[in-house]
Structure formats: structure tokens, C-alpha cells
1. Which residues, counting only those in the stretch A:148-186, are surrounded by 15 or more Cβ atoms within 10 Å (Cβ to Cβ) and of a type in the set (D, E)?
2. Checking B:E116 against (1) part of a loop (DSSP other than H, G, I, E, B); (2) touching a Leu at 6+ places or on another chain (Cβ under 6 Å); (3) modelled with pLDDT of 55 or more; (4) not aliphatic (A, V, I, L, M), only one condition comes out false. Which one?
3. Look through the stretch A:137-147, keep the residues that are assigned to a helix (DSSP H, G or I) and at the interface with chain B (Cβ under 8 Å from one of its Cβ atoms), and return whichever of them is surrounded by the fewest Cβ atoms within 10 Å (Cβ to Cβ).
4. In the stretch B:307-315, is there at least one residue being aromatic (F, W, Y), open to solvent by 50 Å² or more (accessible area, probe 1.4 Å) and modelled with pLDDT under 85?
5. Six or more apart or on different chains, Cβ under 6 Å: which pairs go from a residue in the stretch A:146-158 that's closer than 18 Å to A:D93 by Cα to one that's among the charged types (D, E, K, R) and in a helix (DSSP H, G or I)? Could you list them?
6. How many residues, within the stretch B:81-113, are modelled with pLDDT under 55 and either open to solvent by less than 70 Å² (accessible area, probe 1.4 Å) or more than 14 Å from every other protein chain (Cβ to nearest Cβ) (or both)?
7. Residue check, B:S339 against (1) assigned to a helix (DSSP H, G or I); (2) at pLDDT below 85; (3) surrounded by 12 or more Cβ atoms within 10 Å (Cβ to Cβ), all met but one. Which one?
8. Just for the stretch A:1-49: of the residues that are open to solvent by 60 Å² or more (accessible area, probe 1.4 Å), closer than 29 Å to A:A144 by Cβ and within 14 Å of chain B (Cβ to nearest Cβ), which one is modelled with the lowest pLDDT?
Amino acid sequence: MDSGPPTPREVSAILSSVSDGEAPAERLLPLLYDELRKLARARLARERPQSLQPTALVHEAYLRLLGGETQSFANRAHFFAAAAETMRRILIDRARHRRRQKRGGGRFAVELEEGLLTEEPRDVELLAVDRALEGLQRQDPAMAQVVLLRVFAGLTVEEAAEAMGTSPRSVDRSWQAARAWLRREIEREPKG
Amino acid sequence: MTLDAPREGATAGDWSRMWSVFHHAVDLPAAERAPYLAVACAGDEELRGQVAELLDCHQQSEGLLDAPARFLAEAAAELAGAPLPPLPRLAAGDVVASRFEVRRELGSGGMGAVYEALDRELGAAVALKTLRPEVAARRDARDRFRREIHLARRVTHPNVCRLFDLFYDDSRQLPFLTMELLPGETLAHRLARGPLPVAEALEVARRVAAGLAAAHGAGIVHRDLTSGNVILVDDRERRAVITDFGLATAADLDVRLTLSGTLLGTPSYMAPEQLQGGAASPATDVYALGLLLYEMTCGRLPFTAATPWAAALQRVAQPAPSPRLHQPDLDPRWAAVISRALERDPASRHRDAGELVADLAEAPGGAEGRRRWLIAALVTVVMAAALLAALSWPGGG
């Protein structure tokens, strides 16, 4: 159906069709997934996996998909939100997949407990963060957005503030609050 | 309100009040938090408990999400699929294609590695370049390489590294290039020790521009000119030589892949039109030369950012700041030439390296200055000769 990659104008149009506060357009996610995957692959040809920076990927995708034309503030915000959402989905799918494999091993409970301290704390932490984040999204979408942009798009406080059209101080406060809240939610989660 | 249930029952008022108290408390010294909470939450034990718990969590949340890159980087790698195999390395003594004996590695980069080798057939030292198998394995790679190498070989200029041959080593399944061995260091190496004195920078630029002009004249665009592929040769003149002509084009089988990727291009030097998927032209090399000039005179690139791609975004979105910002001593006319080379719109730059050279030569201290001196000297000699002739004429007659 689609012939070739979308032009910056087409991407702009999709972004413009997303209204404020709405989830990023579903049309945008496969596009971004595809682009991020391609960029990551190309970068891996030159760099070690450890040096792959998601922030760089996201900025690169922005450049590629939107070109250098000045975008409206709303378009920028929607783009970074969609990129963060894409990265989140990739990470979660991957963590779930690994966890399923562990379950298959039959020593899951033990591994999970140990994993919290040593081996694979990231997957466990990530999935817990994600569940808590869903709750936060319902309670306070703006605060959740700060977490999404900071954690999943790798934006700095200043960049997130710019993307959200707010002050760095406000982002910093939300970030502090969200972290405390997520920490509490994770602690309260029944283990295992 | 129970703490176990999601807080969906909380009203917006409860929620914002809770955070307002939290933020006030966070700003206080630890010892004053409890007394403050007692006052702020007087009569609302539940709120006090909530905020106290959140404050505890806040203390422990350092690092909870602080290093997202820690797991994101790994995910990004996963996203890309299995990492590419490492570049095959050659060791001293290895013989390639029954002819070239490797002596030592000179360096490696995105596209492959370069070795000093002995051509046993001719008894001469050459530079031997390996190309990454994934570059060479692409469809039509051989034909395209052959065509580009053929083109590149037509350029014979003291400031362009000479390409000799392209061949495949069947046992290693790798393509190799042989080229002129240039003893010296790359401009990138030199710049790592600091900017060049202006006069020296201009000399290098003039030579690089001359090499580019020759290639542009032959219809070849470099497309990946960086300080890493300019070599400052250890000879009397400190000749600057451009290497890797035609390789970016040759390897660029899938335009989109190369442009989206950094497989071959170097994002730190890519021109805005390359970054945005436009066609490369001599003006693309002019831009890269502008960046080289900037780097040589200022000791830095016009845009710096945490990642090459963030800097690339700036190059596309903003005009380059004047080099005089970093190097106030730079002649304003030179600064103007550099700024013009760095125009974002290719049409606003010098058409090709030849035009840039001419502009550079116009500026004080440039070749034009020397030429004027030469003309003046010549005129003096001619006049002296004429005077001598005039003086001796009557005597001779």
C-alpha cells in the first residue's frame, strides 16, 4: 500500500493530526519503529552496542523524518512523545520475552528474587516501572509524560521542558515527584 | 484511602495538594520535614502519612530511573538485530592475494582498516585498504566499486591520494584496495593537538581545495570529506592529500541506507542536504571543506553537542556561528569565505571547490598577495632592464 518512505511533509501532517493530550497516532508508531530500527542497525555497523545512545537515535529519527524544517511546538511534542512510546514498547516486549524464557527454565521465583539483587534487575525493574507508570498515566498524564520523555526517549530535563512547552524547573519537580511515586508503587507491588 | 489500591479514587484536589506539600517538604533540611508536615497536614493524618512515605521513597529513588541509557542502549542494540561481525583483521606477515605482504596496521575506520603492505610484484610499499564485508557484500557492489574506482583513478593530482587497484581475495572473501602510501598523519590526528596556526590552516585548505577542484572537474564528489581522510604528508612541503575519493559513492548502493545510517558517512561532517536525503553535489564537499577550515582555524567544529546527531540537527536547523566568534584574529574575509561555504542551502555556497579557492586567494595573505608581490618584482626587473638598456644604448651607438 505505501510506496517508499514518508516525506517530512507527510510525517508533519500525521503529527499535526494528533491533538494535545491524545496518545501518539498509531500510524506514527510503526513508522518510528522502522526508522529507529534502521538507524540503530546502521549505527551498530560503526559503534559498539554499549555506545548506542537512544537519545541520539531519537534525535536522528527526528532529523530523518521531519527534516530540518521548523516544526510547530505541538509537532515536536508529539514526535518526542511518539518516539518515547515506541522505545517503551520495544523495551517492554523485550523484557517480557526474556522473562518468559526464564519462566520456561522453571527456577523463576528463585531467579527473580536473586535477580532483584544481582543478575537481571533491569527487566524486573523495567516491567515494574512500566506497570506503575500506567497507573500514573491515569492519575497525572503530564507527570507520566515527563517520565516517558526522560526515561524512554532519553531527553534531558531541558529537552523535556522544551518538548512539553514548560519550564525546566517544572519538569524537574515532576521528575522528582514521579520518581518518588513510582518507587512507592513498586515497593507496594506484591513480589513474584 | 488505602495505599494498596490504585489512586484513581483520589480527586485532583487531593493529588495536587499532596504534591504541593511534598515539594515544600523536599526543599527543607531533613530535620525540619517532620515538624513541617505536622503543621501542613494538621488534621489530615492520611495526607501526612502519604507525604512522609513519598519523602522516604524520594530518598531511595535516587538512581531508580537516573540512568535510562543503561538499559535503553542495550535495547537499541537489540532493536538493530544481531551486531555486525567484527572487522576481519590482518596481522603483520599475512599475504593477501598472493602478492601483498602486510607490514603493519595504519588505522581503521567506519569502512574498513588500512595497512602498510609490500607489493611483492613491484617491490614497493603500498597502502592496503580492507573494506567491511557488509559493504562489499551488497548487491552490485563489485560493479559499482569498479566503476567508481575507475572514475577516481582518472584524477591525478598531488593533493589526491592515488588509487591503484581493486581486487578480491577469494580465500578471505574480502575486497581490497591498494593506494599510494603516504607517510604522515591525518589532519584529525594533528588537530587533536590543537588548532593550526592560521597561515598553516590556510595552506592546508588551499591544497585540499585544489584536490577537490581537480576531482570536481572530473565529475567526482567525495561525499565523506573529513579531517580523518586528509593526510598531512611528512615531506618538505607538508603536502595535504585527500584519500578515499569515490568510496562513499561506490559503497552507497542503497542511498536511503547510507543516508539514514552512518554506515559510511560521518555525521559530524555531513552537509545538511546529505542529512536530509538530498542529492550530493560539489557543494556538498564545499560544505565539508568549510567545516575543515572552521576546525583548523578555531580548533573546534561550529556545532558541538553530546552526540554527533544532536550536532547534526543543529547544523540543519541553525546557521553556523561565525568562526571569528572563536578566533577573533581571523581575517574577516577568510571568515566570510568559511561562512559562505557553510551556508545551509547548497545554492548559496561556492559552486565548487575551485570557486572557494579563488575566494580564498583573493583574501589578504592568500596566493593573490604573493602573486602581486611577484608581479611587482617582475615589473621592477623589467624596468631595471629597460633602464639598463636605455643607459647603455647611447653608449653602444
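The values are calculated or read from the model by the stated rules, or taken from the named source; none is laboratory data. Predicted model only: the values in this text are computed from it and were never measured. Cβ atoms come from the backbone with ideal geometry, glycine included; neighbour counts cover every protein chain shown. Keep in mind that these areas ignore ligands, DNA and RNA; they rest on the heavy atoms of the full protein, side chains included. Shrake-Rupley method; radii C 1.70, N 1.55, O 1.52, S 1.80 Å.
1. A:E159, A:E162, A:D172, A:E185, listed by residue number.
2. (1)
3. If we filter the stretch A:137-147 for residues that are assigned to a helix (DSSP H, G or I), which is where we start, we get A:137-139, A:141-147.
If we keep only those that are at the interface with chain B (Cβ under 8 Å from one of its Cβ atoms) as well, we get A:138-139, A:147.
Details: A:R138: 11, A:Q139: 16, A:V147: 25.
Checking each candidate, the answer is A:R138.
4. In the first step, residues of the stretch B:307-315 are kept if they are aromatic (F, W, Y); the result is B:309.
Subset that is open to solvent by 50 Å² or more (accessible area, probe 1.4 Å): none.
So far as the stretch B:307-315 goes, no, none of its residues is aromatic (F, W, Y), open to solvent by 50 Å² or more (accessible area, probe 1.4 Å) and modelled with pLDDT under 85.
5. A:F152/A:R88
6. 3
7. The single condition B:S339 does not satisfy is (2).
8. So the residue we want is A:P30.
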